[in-house]
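Peer 1: Could you have a look at this structure, given as structure tokens, before my questions?
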Amino acid sequence: MARIRVLVVDDHRIFAESLAAALAAEPDVDVSAAGSGPAALRALERAAAEGRGYDVLLVDAELGGLTNGEPPAVPAPRQEEAAAVDGIALVAGVRAARPAVRSVVLAEKDDPRAAARALQAGASGWVAKDCSLQRLLSVIRGVLRDETHLPPALLTGVLRELTAARKHRTESERLVESLTPREREVLRCMVAGLGRKAVAERLFLSPHTVRTHMQNVLGKLGVHSTLAAVALARRAGVGPADPGTGALGRDVVERGGQLAQ
């Protein structure tokens, strides 16, 4: 019998251990629990190194108490000690680092916006914490068949949120495409958190020229601050400048009007 390896990630210890115990009673399920995002990342890395990676992650939607607004930047697997990781950010990080692992978000309440964000981050399901064990097992087995599971009551709201997010992304992409190649290079440096002097050194430009480019970027994007420009760039899918490369102007490749990541 093929066994399903499940990792429960919840900072409420009693809930995590109770759920793990209930799942462990199933003959085809191996289960472990982690009490935080960093602990989950360590468990995933350790299991992969031992050649027995997890199949499904059950993640608390309120992990770390960060459920509103935009998710924080997702730490790389070896940067997990730097900061706490909220549930949806953890899903995104695991999806990027270990795409074979399926994630299901466990929530105490129906929240279309948060559920849409979870799906965008790479989750395969959103399940109420008070659902039956049989329902949860059905979802776990379903996501391993590449199914996506949402409560029917959430479907309309989630579709509305995803449509709105796509509209915002399309508008952001259009604005980014209005930038010149050099302005896009500067924008990627801004996304990477580089200041004017660092951008100048990176692109072999004078600080005055960089200042002009930054002003042009803000003007064309229709924003008034670097923070707003970075938020818009991320919606458009623009990633940060690669810290491992030299002059960015030599490394940027454009495909279809967008910067290749």
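Peer 1: Would you mind getting me the FRET efficiency between residue 231 and residue 211? Use the beta-carbon distance for r and R0 = 22 Å, nearest 0.05.
Peer 2: Using R0 = 22 Å, I get an efficiency of 0.60.
Peer 1: Mind listing which GluC sites (Glu not before Pro) in the stretch 104-198 are in a DSSP loop and have 15 or fewer other Cβ atoms within 10 Å?
Peer 2: 108, 147
Peer 1: Give the calculated FRET efficiency between residue 18 and residue 177 to the nearest 0.05, with a Förster radius of 51 Å applied to their Cβ-Cβ distance.
Peer 2: Approximately 0.50, to the nearest 0.05.
Peer 1: Ok, one more. Give the distance, in whole Å, between the Cα centre of the stretch 102-143 and the Cα centre of the stretch 26-66.
Peer 2: Comparing the Cα centres of the stretch 102-143 and the stretch 26-66, I get a distance of 15 Å.
Peer 1: Using a probe radius of 1.4 Å on heavy atoms only, what accessible surface per residue do you get for the stretch 109-222? Whole Å² is fine.
Peer 2: 52 Å²
Peer 1: Which FRET efficiency, nearest 0.05, do residue 156 and residue 204 yield, Cβ-Cβ r, R0 45 Å?
Peer 2: About 0.30, to the nearest 0.05.
Peer 1: With +1 on each Lys and Arg Cβ and -1 on each Asp and Glu Cβ, and nothing else charged, work out how big the dipole of the stretch 182-246 is about its Cα centre, in Debye to the nearest 20.
Peer 2: Result for the stretch 182-246 is approximately 120 debye, rounded to the nearest 20.
The values are calculated or read from the model by the stated rules, or taken from the named source; none is laboratory data. Note that the coordinates shown come from a computational prediction; the quantities given were computed from them, not determined experimentally. When we count neighbours, we look across all protein chains shown, and the Cβ atoms used for this are built from the backbone with ideal geometry, even at glycine. Side chains are part of the model used for accessible areas, which takes the heavy atoms of the whole protein and leaves out ligands, DNA and RNA. Shrake-Rupley method; radii C 1.70, N 1.55, O 1.52, S 1.80 Å.
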